[in-house]
Amino acid sequence: VANLKLRAERDGDHYILNGSKTFITSGMRADYITVAARTGGPGAGGVSALLVEGNTPGLTRTALKKMGWWCSDTAQLHFDHCRVPVANLLGQENGGFQIFMLNFNQERLALALQAYGFARVCLDEASEWASSRTTFGKRLVGHQVVRHKLVAMATRIEATRALLEDLTRRLEQGESPVAQICMLKNFAAQTMQFCADNAVQILGGMGFMRGTKSERIYREVKVIMIGGGAEEVLNELAARQLGWA
Ligand SMILES: Cc1cc2nc3c(=O)[nH]c(=O)nc-3n(C[C@H](O)[C@H](O)[C@H](O)COP(=O)(O)OP(=O)(O)OC[C@H]3O[C@@H](n4cnc5c(N)ncnc54)[C@H](O)[C@@H]3O)c2cc1C
C-alpha cells in the first residue's frame, strides 16, 4: 500500500487522477469509490484518501472472472484524467495511509469471521454426511479415522472462535492489536482451508459435486488467504509489530 502508483496531481480545486486499481471488490457497481492515491513523494507519507464518484468522466471499469466470490463483483478500475474535487479528500492530504491501515483491522476481522462461519458449515455438512453414509458395513462416523477428522476440524474451529471473541472485545475497547489481527486472519483462513479440505474428503465423490456446500466453500478458500493481505505479508507485518524485523 505504501508503494502504490496511482497519482493524483493537484490542479486548482481539483485533483487529476491517472492510473488504475485492480481486484476492486464491488468495483463494477459502486456509486462511490474510496481511492488511495499518491499526492506526495514515495512511501507511506505520500498517500491520500479520495472519494471518487462513480460517474466521474474518465473512470472506466472492467469486470474480472474469479475462482470464487461469485456473489461479489470484482473489477479493474481505470482512471484517465479523472477530475476529483479537493472537497472529496478524506482526512489530510498525504495523511491517507493511516486511514487505510486502520480500516485493515476491521477488514481482516471480517475476513476471519467469514472463514470461521464457512469452516463451521463444512463441519456441519461433513458431520451429517458421516452420520448417514455407510461404507464397509458401518456409518462413516463409525470409522475412527473419520471421526478423528471431525474432531480435528472442531478443534481448529473452537480455537478460531476463542481468538475471534478475544480480538473483537479488544477492538471494541479501542485497542489496535495489529499483529494479533494478522495472526487471527491467517489462523482463521487456515482453519477454513483445513475444514473445507477435510469436509470434501469425508463427502467423497459427492464433495466434488456442484451443489454441496463444502465444494462451494473449497473454492472460496484462496481469496480469504490472499485478500486483505496475503498470508506471508501478514506474517511479516506481525513480525515487524512484535519487534522481530
Ligand atoms: C477477489 C479479490 C478482491 C479484492 N478486493 C480488493 C479491494 O476491494 N481493494 C483492494 O485494494 N484490494 C483488493 N484485493 C487485492 C488484494 O488485497 C491483493 O490481491 C492481496 O493483497 C495480494 O496482493 P497481490 O495480488 O498484488 O499479490 P502479490 O503482491 O503479487 O503477491 C503474490 C504472492 O506472493 C507472495 N508474496 C508477496 N509478497 C511477499 C513477501 N513480502 N514475502 C513472501 N511472500 C510474498 C504471496 O504468497 C502472495 O500471495 C482483492 C483481491 C481479490 C483476489
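Computed from the coordinates by the stated procedures, all read-outs in this text should not be read as laboratory data. These numbers were taken from a predicted model, which means no experiment stands behind them. As a convention, Cβ positions derive from the backbone with ideal geometry for all residues, glycine included, and neighbour counts pool all protein chains shown.
A few notes on this one:
- For the chain: rounded, prolate or oblate by the Cα gyration tensor [a/c cutoff 1.5]: prolate
- Set Lys138/Lys185; Lys66/Lys149; Lys5/Lys66 screened for pairs whose C-alpha atoms are more than 27 Å apart: Lys138/Lys185; Lys66/Lys149
- For the chain, built as a Gaussian network whose Cα springs stay under 10 Å, the top-fluctuating residue of Ala199, Ala188, Ala36: Ala36
- Whole-Å distance, taken between Cα centres, linking the range 53-88 and the range 1-47: 11 Å
- GNM on the chain, alpha-carbon springs under 10 angstrom: the most fluctuating residue among Ala126, Ala44, Ala189 is Ala44.
- The length gained by stretching the chain between Gln144 and Phe23 to full extension, at 0.36 nm per residue less their Cα-Cα distance, is 39.2 nm.
- Kirkwood hydrodynamic radius (C-alpha pairs) into Stokes-Einstein, the range 97-241, 10 °C and 1.306 mPa s, D in µm²/s: 99 µm²/s
- Largest GNM mean-square fluctuation among Glu93, Glu175, Glu220, using the chain with Cα springs under 10 Å: Glu175.
- Per-residue Cβ neighbour rank within 10 angstrom, fewest leading, Lys185, Lys149, Lys66: Lys66, Lys149, Lys185
- Between helix 231-241 and the chain: long-axis angle, C-alpha atoms, 0 to 90°, nearest 10: 70 degrees
- Rh by Kirkwood over Cα pairs, then Stokes-Einstein D for the range 7-90 at 0.692 mPa s and 37 °C, µm²/s: 247 µm²/s
- For chymotrypsin sites (Phe, Trp or Tyr not before Pro), the sites in the range 52-101 that DSSP calls loop and that have at most 12 other Cβ atoms within 10 Å are Trp70.
- Selection from Thr160, Met192, Leu234, by position along the positive dipole direction of the chain (Cβ): Met192
- Helices in the chain, meaning DSSP H runs of at least 4 residues, each add -39500 (n - 2.57). Divided by all residues, the mean residue ellipticity at 222 nm is -16000 deg cm²/dmol.
- Given charges at beta-carbon only (K, R positive; D, E negative), |dipole| of the chain in Debye: 900 debye
- Separation of alpha-carbon centers, the range 177-245 and the range 105-137, rounded to whole Å: 12 Å
- Going by neighbour counts of Cβ atoms within 10 Å, the residues Leu51, Leu163 line up, fewest first, as Leu51, Leu163.
- On Cα atoms only, tilt of 96-132 relative to the major axis of the chain in degrees: 20 degrees
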